[in-house]
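**Q** Mind having a look at this structure? Questions to follow.
What follows draws every value from the coordinates through simple rules; no lab data is involved. Keep in mind it's a predicted model, so treat the numbers as computed, not measured. Cβ atoms come from the backbone with ideal geometry, glycine included; neighbour counts cover every protein chain shown.
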Amino acid sequence: MTKQKVVIITGGGRGIGAATATLFADNGYAICINYKNNSQAAESLAERIKDKGGKCITVQADVSCEQDVERLFTTVDIELGQLSILINNAGILKQQSRLEQMNAQRINEILINNVTSYFICSREAVKRMSTKNGGLGGVIVNVSSGAARSGSPNEYIDYAASKGAIDTLTKGLSLEVADEGIRVNCVRPGLIHTDMHADGGEPDRIERLKDLIPLKRGGFPIEVAEAIFWLASEKSSFSTGNFLDLAGGL
Ligand code: NAP
């Protein structure tokens, strides 16, 4: 029997992360659902996965905190074994506003949650996956955003810039570890139906903007999860440093 591959999904309790966790579990991967605050969402998802016979743990950890990230990865080492795949998905958004209304505290909060977190989680993954360290290789998939290309003027250019940094991380890290058995790819979702838009102060944002989308609708978390799954699988074995836009043509 082939060994079950181990996957960490940061922010895996809700939204795109939850759809991704479910898809990996349904395909026989052992998964770690990381969450920060919403233990109820993470635990009930884990219960549903286990009820179907899936292997799954939940780990509370704030991925913007270096010590929490180290604890997250060590827990996975102990409870699930050798890490194969990291999905950097956890992210935050703040109230829509123009730059004139943004203070340094807000901007730093966006950057530490959306950028520093991806860097330190990737660092822990590379340590474990790199063939240079005796690892077996692996895959990292970063969840960026179409905002990296649009810049999100008048809404949240701080968030957009944080996602621009993720695109650069993807490119740079993919080249840095390409000969160490590790592929690094990225998805850039457009408007996807999740709770995130409420955090920006406009739960019905997709309704307002859907006519601008060539496909005339928002996307669903599973439609992003399928792309993440492909990029993490052997089916995309010659793909690294690549970006998959999932924005209905926007
Ligand atoms: P969501 O429904 O708001 O879920 C966000 C998840 O991130 C939650 O599980 C949350 O944990 C977790 N999280 C946030 N900060 C964290 C931290 N410091 N440590 C650990 N977990 C943390 O958002 P979503 O729409 O699924 O977003 C997932 C990713 O897709 C994000 O990177 C987002 O930027 C990106 N994205 C979303 C859209 C969209 O339209 N929805 C578009 C483009 C890109 P708790 O459950 O514990 O709160």
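**Q** I need the helices (runs of 4 or more DSSP H) fully contained in the stretch 153-250, keeping only those with at least 3 residues that are in contact with a strand residue (DSSP E or B) (Cβ under 8 Å, 6 or more places away or on another chain).
**A** Answer list for the stretch 153-250: 157-176, 221-232.
**Q** If I ask for residues that are at negative phi and surrounded by fewer than 16 Cβ atoms within 10 Å (Cβ to Cβ), which ones from the stretch 211-221 would you list?
**A** Scanning the stretch 211-221 gives 211, 212, 214, 215, 217, 220.
**Q** Run down 192, 222, 157 and say which single residue is within 10 Å of the ligand (Cβ to nearest atom) and either touching a residue at least 40 places away in the same chain (Cβ under 8 Å) or out of contact with any His (no Cβ under 8 Å at 6 or more places or on another chain) (or both).
**A** The conditions single out 192.
**Q** Checking residue 146 against (1) within 20 Å of residue 228 (Cα to Cα); (2) more than 10 Å from the ligand (Cβ to nearest atom), only one condition comes out false. Which one?
**A** (2)
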